[in-house]
Protein chains: 2
Amino acid sequence: MSFKLHPILKKDCIELGQLELCRVLLMNDSQFPWLILVPERENMTEIHQLTTNDQQLLIRESSYIAEKLALQFQADKMNIAALGNMVPQLHIHHVVRYKTDKAWPAPIWGKFDAVAYTDKELEVTLDMLKEFINSREY
Amino acid sequence: MSFKLHPILKKDCIELGQLELCRVLLMNDSQFPWLILVPERENMTEIHQLTTNDQQLLIRESSYIAEKLALQFQADKMNIAALGNMVPQLHIHHVVRYKTDKAWPAPIWGKFDAVAYTDKELEVTLDMLKEFINSREY
């Protein structure tokens, strides 16, 4: 398989692991707990271009990730979105939102420059997230 | 079933029809071709709260609607999102985007006040949309 992660996703994110369909990325922005799922299929830009089987895998993986994030981070709301106006490679955002976060109730995209995690923050966050990605109980 | 559409969705949208799981709404904003799917299940705020079966119906219906919209309106990109920061009832946006639209490449939510369709525009749009919702070939 010659799937390659888009260079912007590679630059902006930290790779966390892989589910059956998707590569799981952490957006390197400490302002919002924010994971991105990228179906490992070539030349996809829209969910509806995936096969029916891949679509069903996608919603299973997306819901697994969303539920785990919501619990782990005590989200007020999850924001799930396939936008891709800037980066065409199909990718699905999973963002933990709080009524107290700096963008609430607006969507977060394009609002604030990312604030990269410090090494210490990243260590804690990665430990937490890798555990539920590697457990794969979806 | 005592499912009731949230009053804000009722006020802002025009009901187009029903699929197996979702009610289909047209956002009354002539600036963007914009459909909203609302799973007819009570007290849902997140996709991951739906049963596995309902999740699979949802992605099937969502992809059907997205593909039809993309074709019919010759979209440059579809934006698909479950946000719900303002209206808690689970609903999934399906927005046709163009590189020439007034918000591109930013997301559209919370950016511009809606511009309601004129009666004439609405007639044309509804005719077009109802046809593919009532055909239900998904």
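Quick note: the coordinates plus some simple rules give every number you see, no bench work behind them. The model shown is predicted, which means the values in this text are computed figures rather than measured ones. As a convention, Cβ positions derive from the backbone with ideal geometry for all residues, glycine included, and neighbour counts pool all protein chains shown.
Treating the beta-carbon of each Lys and Arg as +1 and of each Asp and Glu as -1, no other charges, what is the dipole magnitude of the protein assembly as shown about its Cα centre, to the nearest 20 debye?
Taking the Cα centre of the protein assembly as shown as origin, the dipole is about 320 debye.
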Mean projected area (nm²) of the alpha-carbon convex hull when the stretch A:33-88 is viewed from all directions
4.3 nm²
Toward the positive end of the charge dipole of the stretch A:7-135, about the Cα centre and with charges on Cβ (Lys, Arg +1; Asp, Glu -1), which of A:124, A:63, A:14 goes farthest?
A:63
I want to check the label-to-label distance for residue A:30 and residue B:52. Put each point 7 Å from Cα in the C-beta direction and report it in nm to one decimal.
3.9 nm
Proportion of all alpha-carbon pairs of the stretch B:63-128 beyond 19 Å (%):
45 percent
How large is ³J(HN,Hα) for each residue in the stretch B:26-36, as worked out from phi by the Karplus curve 6.51 cos²θ - 1.76 cosθ + 1.60 (θ = phi - 60°), to whole Hz, x for Gly and Pro?
9, 5, 7, 9, 6, 6, 9, x, 8, 9, 10
Report, by chain and number, residues whose modeled amide H sits under 5 Å from the one on residue A:77, excluding near sequence neighbours (fewer than 5 apart, same chain).
A:97
Extent along principal axes [Cα atoms of the stretch B:7-135; Å; largest to smallest]
38, 32, 28
Sort shortest first the distances from residue B:114 to its counterpart in every other copy, using label points 7 Å along the Cα-to-beta-carbon line, and give them in nm.
3.4
Calculate the spin-label point distance for residue A:45 paired with residue B:111, positioning each point 7 Å from the Cα along the beta-carbon direction, and give it in nanometres.
1.7 nm
Note: the protein assembly as shown at 25 °C, 0.890 mPa s; Kirkwood Rh on alpha carbon pairs; Stokes-Einstein D in µm²/s works out to 128 µm²/s
Taking chain A as the reference, fit the longest principal axis to its C-alpha atoms, fit the long axis of helix A:52-72 to the helix C-alpha atoms, and give the angle between the two in degrees, 0 to 90, nearest 10.
10 degrees
Computed from the beta carbon distance with a Förster radius of 35 Å, FRET efficiency for residue A:71 and residue A:6 to the nearest 0.05 stands at 0.75
